[in-house]
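S.K.: If you scroll down you'll find the structure; I have some questions about it.
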Amino acid sequence: MIPFGSQRKNGQDLATHLLNEHDNERMTVVEVRGAIAGDLHGAFAEWEVQAKALTKCKNYLYSLSINPDP
């Protein structure tokens, strides 16, 4: 297994990528917590506003990709 993690900003691009069935073999949104919105685009937009308004955080998301061994 090869994990790759990175801090990110621009949640809209990340949400679009995560929901893209062409680039992702399998993807399921099980639950969105900590946001009023029930979808990824809405939740990431809320968290971006909170990060800018309440903190000096620039990369407010952490993305972890996991590649299983073939």
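The values are calculated or read from the model by the stated rules, or taken from the named source; none is laboratory data. Since the model is a prediction, treat every value here as computed from it, not as a measurement. A quick note on method: Cβ atoms are made from the backbone with ideal geometry, for glycine too, and the neighbour counts reach across all protein chains shown. In case anyone asks, the SASA skips ligands and DNA or RNA and just uses the protein heavy atoms, side chains included. Shrake-Rupley method; radii C 1.70, N 1.55, O 1.52, S 1.80 Å.
S.K.: Once the convex hull of the alpha carbons of the chain is built, what does its volume come to per residue, in cubic angstrom?
M.R.: On the way: hull volume 6.6 nm³, N = 70.
Dividing the Cα hull volume of the chain by its residues yields 94 Å³.
S.K.: If you roll a 1.4 Å probe over the heavy atoms of the protein chains, what accessible area per residue do you get for the chain, in Å²?
M.R.: Ligands and nucleic acids excluded, the result is 83 Å² per residue.
S.K.: Another question, if that's okay. Which order, highest average first, do 21-28, 32-39 follow once you tally other Cβ atoms within 10 Å for each residue and take the mean per peptide?
M.R.: Numbers: 21-28: 7.4, 32-39: 10.9.
Ranked from most to least packed, the peptides come out as 32-39, 21-28.
S.K.: Find which of F4, Q50, M27 sits farthest along the positive direction of the dipole of the chain, computed with +1 on the beta-carbon of Lys and Arg, -1 on that of Asp and Glu, about the Cα centre.
M.R.: It is Q50, whose Cα lies furthest towards the positive end.
S.K.: Around R8, which amide H atoms from residues at least 5 apart in sequence, or from another chain, sit under 5 Å from its own amide H, with H modelled in the peptide plane?
M.R.: Amide H neighbours of R8, under 5 Å, 5+ apart: Y60, L61, Y62, S63.
S.K.: Still on this structure, please answer the following. Return the carbon/sulfur percentage of the accessible area of the chain, one whole number, probe 1.4 Å, all protein chains in place. Before the final figure, lay out each step's value.
M.R.: On the way: 3120 of 5800 Å².
Percent of accessible area from carbon and sulfur atoms in the chain: 54.
S.K.: If you don't mind, another one. Assign unit charges at the C-beta atoms only (+1 for Lys and Arg, -1 for Asp and Glu), then state the dipole size of the chain relative to its Cα centre in Debye, rounded to the nearest 20. Write down the numbers at each step before the final one.
M.R.: Values: 7 positive and 9 negative charges, 98 e Å.
For this selection, approximately 480 debye.
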